[in-house]
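The values are calculated or read from the model by the stated rules, or taken from the named source; none is laboratory data. Fair warning: this is a prediction, and the values are worked out from it, not measured in the lab. Don't worry about glycine lacking a Cβ; one is built from the backbone with ideal geometry, like all the others, and counts go over all protein chains shown. Protein only, heavy atoms only, side chains kept; ligands, DNA and RNA dropped before computing areas. Shrake-Rupley method; radii C 1.70, N 1.55, O 1.52, S 1.80 Å.
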Amino acid sequence: MPSKAASKRKTELDGDAGHTHDTKKPKLQNATSDHLREPHNFSAEAEENGIVLREYYPHEMSNARARAYNDGEIPRPIEQLAAALEETSAVRNKVKAKDAVVFWYKMDLRTTDNRGLWEASEKARETGVPLICLYIVSPQDFEAHLTASVRVDFMMRTLRILKQDLAALDIPLYVETVEKRKEIPSRIIDLMEEWGASHLFANMEYEVDELRREAKMVKMCADRGLAMEVFHDTCVVSPGALTTGSGKQYAVYTPWYRSWVAHVHANPELLATFDPPSKNSPDARDKLASLFDCDIPDVPENKRLSEEDAKRFRALWPAGEHEAVDRLEKFCKEKVGQYAQRRNFPAQAATSSISVHLAAGTLSARTAIRTARDRNKMKKLDAGDEGIKTWISEVAWRDFYKHVLVNWPYICMNKPFKPEYSNIEWSYNSSHFKAWCEGRTGFPIVDAAMRQITNMAYMHNRCRMIVASFLAKDLLIDWRMGERFFMEHLIDGDFASNNGGWGFSASVGVDPQPYFRIFNPLLQSEKFDPEGDYIRKWVPELKDIKGKAIHDPYGRGAAAQAKKAGYPEPIVDHKDSRNRALTVLPYQVPPGQRLGNVDVAAEAASKQDKLPRISNETPIKVIHPISHEILGLLDPGLPSDSPIALSDHLPQVVVEALNNLIQEGQILHQLHGTYVISVGLHYAVKTETSGDLDQITNLQYIHDKFPDIPAPRCLGTIADGQRIYFFMSRSPGSTLESVWPDLSVSTKVSLRNQLNSLFHHIRSLCFESQTERALIGGFVSGVSKDIRKTERIASNPVRSEKEFNEFLCSKPGRTTTMLIKTVCSSMSHNHRIVSTHGDLHPRNIMVDWEKDENGRMLEDTVRVSSILDWEAAGWYPEHWEFVKAMHAIDSRGPLRDWIDYLPTEAIGNYMIEYSVDCLIDRWHG
Ligand SMILES: Cc1cc2nc3c(=O)[nH]c(=O)nc-3n(C[C@H](O)[C@H](O)[C@H](O)COP(=O)(O)OP(=O)(O)OC[C@H]3O[C@@H](n4cnc5c(N)ncnc54)[C@H](O)[C@@H]3O)c2cc1C
């Protein structure tokens, strides 16, 4: 009998059984437009390197096609399935039960807490017919989905156990191999007709092939007078059920998790489990005798293990749902309490090892979470016992990545979450890839992990992150090759979690590790395998190496011993690789420049080749003393204790050392002739040809007047006759522009509040209180500026708003028209004059956040860490901040909702002045 809670939930869940999923019509039902069918520029390379299996799939799609999914121009597969269910709903409801109900098993190989199975059993019970269970072995699906042989073996072993469990309930499990995957739908329908079955039940799988197949089957069944019902089961909360304030799928885990917890707390029946199916009537044994007699086929040839491997894996990974439940219970009894402290240490078997069961469906996520929660005194998911809380939040990642897959289905088609990341020019160095696969990179922690996966078909989560980061960032090898290798070797291979883990580690997925966070394998090794036990277990050549040398034998005095034992030297230098990755990974290129099919990597590299150099042909002028922070970065032997004072003759040796420093840096921003280049870890140099010193003097003024406003510190300025080099502190975090699309509404609101308070403070200084001077313009220079398409600088001092208006409405060499005269005379000139930044745009706002131990953003900690670019700052009329901020609004791009978060409480709302300014703007052309 179904449990009471489960019955209650049936009504609750009917809405997310796919029947009522949002079916809003996409703009283009069948995308036949040619340009959307064009392959991605690098598609040939992806095929050559085994990333796209052309036998089963089209070439790698263009970025435009991926974006068409996001824009609703191409229907998502889940929408196709929902539409098929809706279209056939009347027909399906009328289907009368005949001789049997069929449940089609897929990745849900259990009898308990299986929603689709329970629903099928209920139908059979209500209509008084027997339930038949079915499993189709599809060698082509195994190949197309890169299913590891070890996983196939695990499933076939599980089927044997399942068959016995079902037989105890007088339910047959019929298993058949269908060689051609395309024939599966028609074969199932034929079988149903053969058995006189009227209803087919199944749980939903969220990968694209499966959703599309089910959409097609629902219609095929309806055409033949059969009813197919598909249910959400694999996640605790169904995909699509959680959305951000603006109704979108979350791309960041922390706010998604908060929403997930709140949703489960509000709907506790989501954790109620489904009973096993009811027993068939005993005469089913006779009626369906041939089905009871059917054998479980052998593992298909393309996925057969060697006998030795089969034996080892069978001992390591006992199959079936009873084993799953035992493992879960044991973990909850013995280990969950210590999980939070110990889970990151691969040498301690401190995690649950239930991923294999969640992947094969021998355990449901509901049961896993419910079992852990029930041990918690609080009965809450996010409170009480630290270990339980942490473990539940890890299991939730699995739900998160499945939600992501459903919303961005092209991640299942070899595209990264942000399509433009396909433009990274990855390496396909086969000897590096081979060394990585074989665990012979010369980085002991990487090699240990890679040997663990080939030996156990499993790898510890911390090590998955380390080896993935190493492949993508140290070797710069296409992360999709690593993703494929994992799928082909893991017993717990799960598309969504695997893709999510690789996207995180290569910084191309949802909620990714920031691109500049590149795991240092040595530090990871020392931190998470401090005694080297994990390394010694998996890399036996190194077992006799003592102490810390185990982490880096060639760098720590154990080279001869390692060499003798046949352990390879490191195949790359981590420091060089890191620098290379920072150049190639495009995330530092402003989003505006990386959208579209630009060859970002080549562009970045060519820019890097041409970093500006301080000229040594003309005497160098020191405009502001170079601080000891910058001097401390120069080669040893150079002055570093006291700032280099104002002088017309910077010593040649210092110029050279500064040039070396700049050449080692990375371009953080570049526009026309202006570069911002990193200098060491904490500083940057901005260099440009304009000769405008306002940005420096303005910054110094701001520091004097408002030491608490976060802004870069000036650390020295020099000029070489062509360029100015302005050294400054580097603000932590990222530009608000680069993270904006991923932030939740609540974080955006919090940032607006922070900006309101900063700008209230900045504007607290106003002209009336400044008796010493009275010019509209830069704080120190007093020069008025108006930056539009080009920068305009007033040639005369501007002493009043009236004069400022006249400056705005003038253009050298152009006669002032009647229209512009009228505009000018109608402009108000009694605004307060206040201190103003003058270029309030998300690219000039740095934000920083706290991270969890995996480097992931904790969204509610996002803080404004700095306001950059004070070039246009100074004393200006009170509407100027708003007017200039409005000119930076882009109504279409990823920042289109920035307008809703302008800090207008502080800077005011001056729409009339802005409209007038638009007229002036048009006149300037
Ligand atoms: C590059 C990379 C690839 C990965 N590939 C897979 C994969 O193919 N299949 C897979 O199940 N997990 C994958 N993971 C996630 C994670 O490594 C494994 O789920 C975990 O190591 C399994 O061990 P466990 O059952 O002892 O985990 P526990 O620590 O006991 O966690 C319990 C369960 O929570 C879920 N879980 C934990 N962490 C994650 C996570 N980061 N993402 C998604 N689910 C998580 C798993 O279902 C896991 O079984 C990958 C992670 C990375 C970084």
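Give the accessible area for Y534 in Å² (nearest 10); use a 1.4 Å probe, count only protein heavy atoms, and leave out ligands, DNA and RNA.
10 Å²
Calculate, for the chain, the solvent-accessible area per residue in square angstrom, rolling a 1.4 angstrom probe over the heavy atoms of the protein chains. Spell out each step's value before the answer.
Values: 37710 Å² over 925 residues.
Heavy-atom accessible area per residue stands at 41 Å².
Express the Stokes-Einstein translational diffusion coefficient of the chain in µm² s⁻¹, to the nearest whole number, given a Kirkwood radius over alpha-carbon pairs, 20 °C and a viscosity of 1.002 mPa s.
Numbers: Rh = 31.3 Å.
D = 69 µm²/s.
Per 5 Å bin from zero, what fraction in whole % of the C-alpha pairs of region 95-147 is there, up to the bin with the longest pair?
With 5 Å bins starting at 0, P(r) equals 4, 19, 24, 19, 13, 11, 6, 4, 0.
With all protein chains present, how much of the accessible area of region 126-243 (probe radius 1.4 Å) comes from carbon and sulfur, to the nearest whole percent? Write down the numbers at each step before the final one.
On the way: 1640 of 3510 Å².
In region 126-243, the share of accessible area belonging to carbon and sulfur is 47 percent.
Which order do H263, H831 take by accessible area at a 1.4 Å probe, largest first? Write out the running numbers ahead of the final one.
On the way: H263 50, H831 25 Å².
Final ranking, largest accessible area leading: H263, H831.
At 0.36 nm per residue, minus the direct Cα-Cα distance, what do A774 and S427 gain on full extension? Give it in nm, one decimal, please.
Numbers: separation 347, 0.36 × 347 = 124.92 nm, distance 5.94 nm.
In short, 119.0 nm is gained.
Name the residues of region 426-446 whose amide N is less than 20 Å from a point 7 angstrom out from the Cα of N579 along the C-beta direction?
Zone members listed by number: 427.
Using a 1.4 angstrom probe on the protein heavy atoms only, could you order E122, E48, E438 from most to least accessible area? Intermediate results must be reported in sequence, preceding the final value.
Numbers: E122 20, E48 145, E438 90 Å².
Per-residue accessible area, sorted high to low, gives E48, E438, E122.
Give the total of Lys-Lys pairs in region 160-303 with Cα-Cα distances below 25 Å; include a pair only if its members are 8 or more places apart or on different chains.
Summing the qualifying lysine pairs gives 11.
Could you give P(r) for region 96-234, binned at 10 Å from zero, as whole percent values over all Cα-Cα pairs?
11, 45, 37, 7, 0
Give the cross-link partners of K575 among the lysines, using a straight C-alpha distance below 24 Å as the criterion and excluding same-chain residues fewer than 8 apart.
K434, K473, K527, K548, K563, K607, K610, K851
Run down the aspartates and glutamates and flag those whose C-alpha is under 20 Å from the C-alpha of K389, throwing out any fewer than 8 positions away in its chain.
Those aspartates and glutamates meeting the cut-off are E269, E329, E334, D374, D399, E850, D852, E853, E859, D860.
For region 267-312, evaluate the Debye formula with one uniform point scatterer on each Cα (no solvent term) and list log10 I(q)/I(0) at q = 0.21, 0.30, 0.31, 0.32 Å⁻¹, rounded to two decimals.
Once normalised to I(0) and log-transformed, intensities are -0.79, -1.14, -1.16, -1.16.
Rg and Dmax in Å for region 611-730, alpha carbons only: what are they?
In order Rg, Dmax, the Cα atoms of region 611-730 give 13.5, 41 Å.
Which whole-number percent gives the relative contact order of region 424-584, counting Cα pairs below 8 Å spaced six or more residues apart? Write out the running numbers ahead of the final one.
Numbers: 217 pairs, mean separation 42.3, N = 161.
RCO, region 424-584: 26 percent.
Diagonalise the Cα gyration tensor of region 447-538 and give the resulting equivalent ellipsoid semi-axes, square root of 5 times each eigenvalue, largest first, whole Å. Present the calculation step by step, with values, prior to reporting the outcome.
On the way: eigenvalues 79, 59, 21 Å².
Result for region 447-538: semi-axes of 20, 17, 10 Å.
Length gain on complete extension for the stretch I889 to A289, per 0.36 nm per residue less the alpha carbon to alpha carbon distance? Present the calculation step by step, with values, prior to reporting the outcome.
Values: separation 600, 0.36 × 600 = 216.00 nm, distance 7.15 nm.
Full-extension gain reported as 208.8 nm.
With the contact rule set at Cα under 8 Å and sequence spacing of 6 or more, what percent relative contact order holds for the chain? It would help to have the intermediate numbers written out before the result.
Working: 1585 pairs, mean separation 88.2, N = 925.
Relative contact order here is 10 percent.
Ratio of region 696-778's C-alpha Rg to 2.2 N^0.38 Å, to two decimals? Don't jump to the answer; show the numbers that get you there.
Working: Rg = 16.7 Å, N = 83, 2.2 N^0.38 = 11.8 Å.
Expressed relative to 2.2 N^0.38 Å, the Cα Rg reads 1.41.
Using Cα-Cα distances under 8 Å and only pairs 6 or more residues apart, what relative contact order does region 194-338 have, in percent?
Details: 61 pairs, mean separation 20.6, N = 145.
Computed value for region 194-338: 14 percent relative contact order.
List the lysines whose Cα sits under 18 Å from the Cα of K564, skipping any in the same chain fewer than 8 residues away.
K543, K546
Only bridges whose two residues both fall in the chain count here: according to DSSP, what percent of them are antiparallel, nearest 5? List each step's numbers first, then the result.
Details: 40 of 61 bridges.
Antiparallel bridges: around 65 percent, rounded to the nearest 5.
Out of the total accessible area of region 424-584 (probe 1.4 Å, heavy atoms of protein only), what percent is carbon and sulfur? List each step's numbers first, then the result.
On the way: 2900 of 5550 Å².
After summing per-atom areas, the C and S share lands at 52 percent.
Rounded to the nearest 10 Å², what accessible area does R125 have for a 1.4 Å probe in the complete protein model?
110 Å²
Quick one: order H672, H145 from most to least accessible surface, probe 1.4 Å.
On the way: H672 155, H145 55 Å².
Result, largest first: H672, H145.
Place a label point 7 angstrom from the Cα of A262 along the Cα-to-Cβ direction, then list the residues of region 722-762 whose backbone nitrogen is under 19 Å away.
Of the residues in region 722-762, 742-753 have backbone N under 19 Å from the label point off A262.
Once you have a ≥ b ≥ c as the square roots of the Cα gyration tensor eigenvalues for region 382-480, tell me rounded if a/c is under 1.5, and otherwise prolate or oblate according to whether a/b is larger than b/c. Could the numbers behind the result be given before it?
Details: a/c = 2.58, a/b = 1.22, b/c = 2.10.
It is oblate, given that a/c is not under 1.5 and a/b is not larger than b/c.
Quick one: what do you get for region 735-924 if you divide its Cα Rg by 2.2 N^0.38 Å? List each step's numbers first, then the result.
Values: Rg = 18.1 Å, N = 190, 2.2 N^0.38 = 16.2 Å.
So the Cα radius of gyration is 1.12 times the expected 2.2 N^0.38 Å.
Leaving out ligands, DNA and RNA but keeping every protein chain, what accessible area does L363 have, in Å² rounded to the nearest 10, with a 1.4 Å probe?
Spelled out: L363, probe radius 1.4 Å, area about 10 Å².
With a 1.4 Å probe and all protein chains left in place, how much of the accessible area of region 611-730 comes from carbon and sulfur atoms, in whole percent?
Numbers: 2900 of 5340 Å².
The nonpolar share, carbon plus sulfur, comes to 54 percent.
Under Stokes-Einstein, with the Kirkwood radius over Cα pairs standing in for Rh, what whole-number D in µm²/s applies to region 74-174 at 25 °C and 0.890 mPa s? Mind showing how you got there, number by number?
Working: Rh = 15.7 Å.
The diffusion coefficient I find is 156 µm²/s.
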